[in-house]
Amino acid sequence: MTTASYAAALMETVDALRAACATMQPRILLVLGSGLGGLADAFEDASAVDFADIPGFARAAVVGHRGRIVVGTLEGVPCIAMQGRYHLYEGHEADAATLPVRAISALGVDTLIVTNAAGGVNRSFRAGSLMLIEDHINMLGRNPLVGPARDGETRFPDMTRAYDPELRALTLEVAAEQGIALNTGVYCALLGPTYETPAEVRMLGILGADAVGMSTVPEVIVARARGMRVLGISLITNEAAGHTGEALSHDEVMAASAGAAESFGRLVRGVVRRIGSPVA
């Protein structure tokens, strides 16, 4: 897609999202991964639009991704949430998969809380636990900034602190206050849609990964290129291949997401509340 045609498509998406927001000015974008979209159902004064009804969006095609934009307040803070996301393994190009983040950033949203379901590479991680992402490894073979530089984006963004240190510290404080066990670690993104082999999991551990999934990194790259603050949280839905000898399935991912929904929701709500406070 040419620069001009992409810019026109992006503006059409921005206009549709602005209409969905009406008079509300969201401060935080929450991207809610597999099985985690229920948090957006807690929004107050909420309105929702299906992905399919937003220009530039496609239908959500993965189980556990409801495929809606929800606008409302969470803990009194104006927020916009994606109940689901796009994955490169579905056939989307990287710039198309990240168009929602670009468009929502253009609304003036300056903070991204990105979540995902991930496999635990770190052998100390158990299914149903949470991991605060401190860094990532991009093994997707794709980068959403490839091609012409987009308006409002840094051509060569610094990824030294891709995940905002202050937001990470705040999240650890909230977890401690609420008695929620929170691991920290490195998230690695692979293209998928196959789960990793035991040999690949051993390789990822050697490379320094603590968790592995098939999303998140493209959204974070675009957010950083646009100057957004980023916080990332992974729900560890299973121990990665080779750790237990058991076969992996998406049903297992969904079951773990349901089991951790309460602690995940409390953690994110506490973080949003702190971000919305004058001292955050």
What is the sum of charges, Lys and Arg at +1 and Asp and Glu at -1, for the other residues whose Cβ falls under 11 Å from the Cβ of Gly38? -1
Dividing the alpha-carbon Rg of the chain by 2.2 N^0.38 Å yields what? 0.94
Ordered by packing density, taken as the mean number of other Cβ atoms within 10 Å over each peptide's residues, highest first, how do 18-25, 266-273, 7-14 rank? 266-273, 7-14, 18-25
Suppose every K and R has +1 on its Cβ and every D and E has -1 on its Cβ; what is the size of the dipole of the chain about the Cα centre, in Debye to the nearest 20? 320 debye
Where Lys and Arg each count +1 and Asp and Glu each count -1, what net charge lies around Asn183 among other residues with Cβ under 11 Å from its Cβ? -1
Between the stretch 44-118 and the stretch 130-151, the alpha-carbon center distance in angstrom: 17 Å
Amide N of the stretch 260-278 lying under 20 Å from the label point, which is placed 7 angstrom from the Cα of Met24 along Cα→Cβ: 265-278
Taking the chain and counting helices only, DSSP H stretches of n ≥ 4 at -39,500 (n - 2.57) each over all residues, the nearest-500 ellipticity at 222 nm comes to -10500 deg cm²/dmol
With +1 on the Cβ of every Lys and Arg and -1 on the Cβ of every Asp and Glu, the dipole magnitude of the stretch 151-204 about its Cα centre, in debye rounded to the nearest 20, is 240 debye
Excluding ligands and nucleic acids, what accessible area in Å² is computed for Ser47 using a 1.4 Å probe, to the nearest 10? 50 Å²
At 7 Å along the Cα-to-beta-carbon direction for both Arg266 and Thr160, put a label point, then send me their distance in nm to one decimal. 3.7 nm
Over the stretch 1-160, give the accessible area per residue in Å² for a 1.4 Å probe, as an integer. 42 Å²
Burial order of peptide ranges 52-59, 77-84 (average beta-carbon count within 10 Å, highest first): 77-84, 52-59
For the stretch 1-131, what does the alpha-carbon gyration tensor say about shape, rounded, prolate or oblate, given a ≥ b ≥ c as the root eigenvalues, a/c under 1.5 as rounded, and a/b over b/c as prolate? oblate
How large is Rg over Rh for the stretch 135-236, taking Rg from the Cα atoms and Rh as the Kirkwood inverse mean of 1/r across Cα pairs? 1.00
What does the extension gain come out to for Glu44 and Glu12, with contour length at 0.36 nm per residue minus their alpha carbon separation? 8.8 nm
Zone reached by a paramagnetic label modelled 7 Å from Leu172 Cα along Cα→Cβ, restricted to the stretch 120-134 with backbone N below 12 Å, covers 132-134
Got a number for the accessible area of Glu75? Probe 1.4 Å, square angstrom, nearest 10. 60 Å²
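The values are calculated or read from the model by the stated rules, or taken from the named source; none is laboratory data. Just so you know, these numbers come straight off a predicted model, no measurement behind them. A quick note on method: Cβ atoms are made from the backbone with ideal geometry, for glycine too, and the neighbour counts reach across all protein chains shown. Protein only, heavy atoms only, side chains kept; ligands, DNA and RNA dropped before computing areas. Shrake-Rupley method; radii C 1.70, N 1.55, O 1.52, S 1.80 Å.
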